[in-house]
Structure formats: C-alpha cells, structure tokens
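The values are calculated or read from the model by the stated rules, or taken from the named source; none is laboratory data. Since the structure is predicted, the reported quantities are computational estimates derived from the model, not experimental observations. Here the Cβ positions follow ideal geometry from the backbone for every residue, glycine too, while neighbour counts run over all protein chains shown. The area values use the complete protein model at the heavy-atom level, side chains included, leaving out ligands, DNA and RNA. Shrake-Rupley method; radii C 1.70, N 1.55, O 1.52, S 1.80 Å.
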Amino acid sequence: MTKPMLRSSALVFVALMSAASALSASPEKAIRDALSKIVPDIEIDSVSASPVPGLYEVMVGTQLMYVTADGRYFVDGRIVDLKTRADLTEPRLSEVRKRLVDGVGESQMVVFGPADAKHTVTVFTDVECGYCRKLHSQIDEYAKEGIRVRYLFFPRAGQGSPSYTEAVSVWCAGDPGAQREAMTAVKAGKSIPAKTCKNPVDAHMDLGSQLGLRGTPAIVTETGELIPGYVEPKRLAAQLNGMSGS
C-alpha cells in the first residue's frame with residue numbers, strides 16, 4: 001500500500017471513530033433535547049441506560065421515566081423481569097428516597113428509640129391521623145422489636161390547619177426530650193401549649209410531596225423502600241428483617 005493510501009485509510013479510520021463516538025453520546029442528548037422541547041423548564045438529574053436495551057432511565061427529582069434512545073417514545077411505568085419477577089424500577093427509586101430522607105438530618109427530626117437499634121425507619125406523620133396515633137401508641141413495642149422511629153411532619157390538611165399548628169408546637173416545645181413528650185401528648189389527643197419558632201415542618205411537607213405521598217403514616221425504610229400505611233410492630237420487624245436478609 002502506498003503512503004497516500006495509508007494516509008487516506010488513517011483519515012477514514014479517524015472519521016469512523018469520531019462518528020462512532022458521536023453516536024454513542026447521542027442518546028442522552030436526543031432524550032434531553034426531546035424532553036426540553038415538551039417541558040422547557042424540566043430539570044433532568046440523570047440519563048442512563050436501563051436494564052432493557054434501547055430504553056433509557058431519566059430521573060427527574062424523585063420521578064423515574066423511561067425514554068427510547070431517539071427521544072421519541074416515553075414509557076410511564078415499572079420494569080419487571082418476568083423471569084426473576086424482580087421489580088427493576090424500585091431499587092432506583094429507593095436510592096433517591098434514601099438520599100433525600102437522609103439529607104434532612106436527624107437534628108431536624110423527632111426521634112424515638114436507641115441509636116444502636118437494629119433498624120431505623122423514617123415515618124411521615126400527621127399528629128391527628130388515626131393510624132399515626134395507633135402507630136405511636138405502640139412506640140415502645142417498636143423499640144422492643146429493634147426498630148427506631150424518626151418522625152417527619154406531614155399534616156395532610158396543609159398550612160394553617162390544626163394539625164399543622166400542632167406539628168409546629170411539637171417542634172417548638174423545646175429540646176429533643178421535650179419534643180418527644182409533646183409528640184406523645186398530642187398523639188394521645190391531649191392539648192399542648194401553642195408555640196412558634198423556626199421549624200422544619202414546611203420542609204418536611206415539601207419532601208413528602210416530592211416523594212408523592214398521599215397518606216399517613218408513610219414509612220421509609222433505611223434502604224429507601226416506601227411502606228404506605230400502618231404496620232404493627234412484629235410484622236414491620238419481619239418485613240425489615242426480610243429486606244436486610246437477617
């Protein structure tokens with residue numbers, strides 16, 4: 001092969017490699033461009049390949065959607081492996097829930113139970129919710145089952161409601177011990193002094209809305225799984241042990 005031919009072959013090889021590189025990077029750009037045209041102010045956190053070839057995961061806050069590589073088709077739902085019967089979407093959503101809930105920090109929660117408990121759950125609660133009160137009436141039983149409970153406030157009636165005002169009063173009752181006493185009192189239907197102070201109630205509500213909560217109690221496990229509704233202590237312990245393989 002002559003030198004000109006070698007040079008020409010080299011140029012073709014470089015061009016092909018550049019084209020291949022551009023193609024490999026194009027799905028994310030195509031997807032971002034397509035979604036931006038439909039929702040101009042969309043804030044996409046990540047675009048990555050899904051377990052299904054040709055389908056990409058798009059994470060927007062706590063919402064996970066699937067879009068084809070060309071950005072044309074959108075799939076709203078979960079991916080389930082029919083061979084293993086495994087839900088392949090839930091682990092990704094759990095990662096996001098865990099990151100957001102842990103990001104609050106325990107200094108912004110009302111916590112019941114020892115720090116060395118086998119399991120820690122985070123419970124979005126409405127102080128006037130019947131099943132929330134039932135759960136709290138068994139707080140010592142949860143502790144006996146090795147479950148530590150971290151409360152976040154989610155008054156379903158919203159700002160200005162009695163449950164919102166009580167949530168603020170619980171937080172503003174004083175130090176963590178006083179907050180626990182106030183929480184236990186209102187969960188038992190007792191009145192506590194109305195107080196106001198700088199508090200995280202609105203932030204807790206925003207987070208609950210981000211997670212798509214529709215009711216209380218809503219239990220988030222230490223690995224980010226969401227368990228809606230009340231679960232009695234022994235059953236919850238069994239679920240948590242099963243999740244952790246212990």
### Task
Could you tell me which numbered condition residue 243 fails, if it satisfies all but one of (1) surrounded by fewer than 14 Cβ atoms within 10 Å (Cβ to Cβ); (2) modelled with pLDDT under 95?
(1)
### Task
Name the one entry in 78, 97, 72, 92 that is touching a strand residue (DSSP E or B) at 6+ places or on another chain (Cβ under 8 Å), exposed (fewer than 14 other Cβ atoms within 10 Å of the Cβ) and not in a strand (DSSP E or B).
78
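Can you pull out the residues in the stretch 178-225 that are assigned to a helix (DSSP H, G or I), open to solvent by 70 Å² or more (accessible area, probe 1.4 Å) and touching a residue at least 60 places away in the same chain (Cβ under 8 Å)?
First pass over the stretch 178-225, keeping only residues assigned to a helix (DSSP H, G or I): 178-187, 201-210.
Filter again for open to solvent by 70 Å² or more (accessible area, probe 1.4 Å), leaving 180-181, 206, 209-210.
Hits for the stretch 178-225 are 180, 210.
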### Query
Can you tell which of 202, 175, 206 is acidic (Asp, Glu) and closer than 19 Å to residue 97 by Cβ?
206
### Task
Would you mention how many residues in the stretch 147-177 are under 13 Å from residue 112 (Cβ atoms), open to solvent by 10 Å² or more (accessible area, probe 1.4 Å) and touching a strand residue (DSSP E or B) at 6+ places or on another chain (Cβ under 6 Å)?
2
### Query
Checking residue 59 against (1) touching a Lys or Arg at 6+ places or on another chain (Cβ under 8 Å); (2) assigned to a loop (DSSP other than H, G, I, E, B); (3) of a type in the set (A, V, I, L, M), which single condition isn't satisfied?
(2)
### Message
Exactly one condition in (1) under 15 Å from residue 149 (Cα atoms); (2) surrounded by fewer than 16 Cβ atoms within 10 Å (Cβ to Cβ) is false for residue 127; which is it?
### Response
(2)
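What residue, among those in the stretch 100-117 that are part of a helix (DSSP H, G or I) and of a type outside the set (A, V, I, L, M), is surrounded by the fewest Cβ atoms within 10 Å (Cβ to Cβ)? Before you say what the answer is, go through the steps one by one.
Of the residues in the stretch 100-117, the ones part of a helix (DSSP H, G or I) are 100-102, 106-108.
Still in the running and of a type outside the set (A, V, I, L, M): 102, 106-108.
Numbers: 102: 13, 106: 13, 107: 8, 108: 15.
Among those residues, the one meeting the criterion is 107.
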### Query
Can you name the residue in the stretch 46-55 that is closer than 17 Å to residue 35 by Cα and touching a Phe, Trp or Tyr at 6+ places or on another chain (Cβ under 7 Å) and, of all such residues, is surrounded by the most Cβ atoms within 10 Å (Cβ to Cβ)?
47
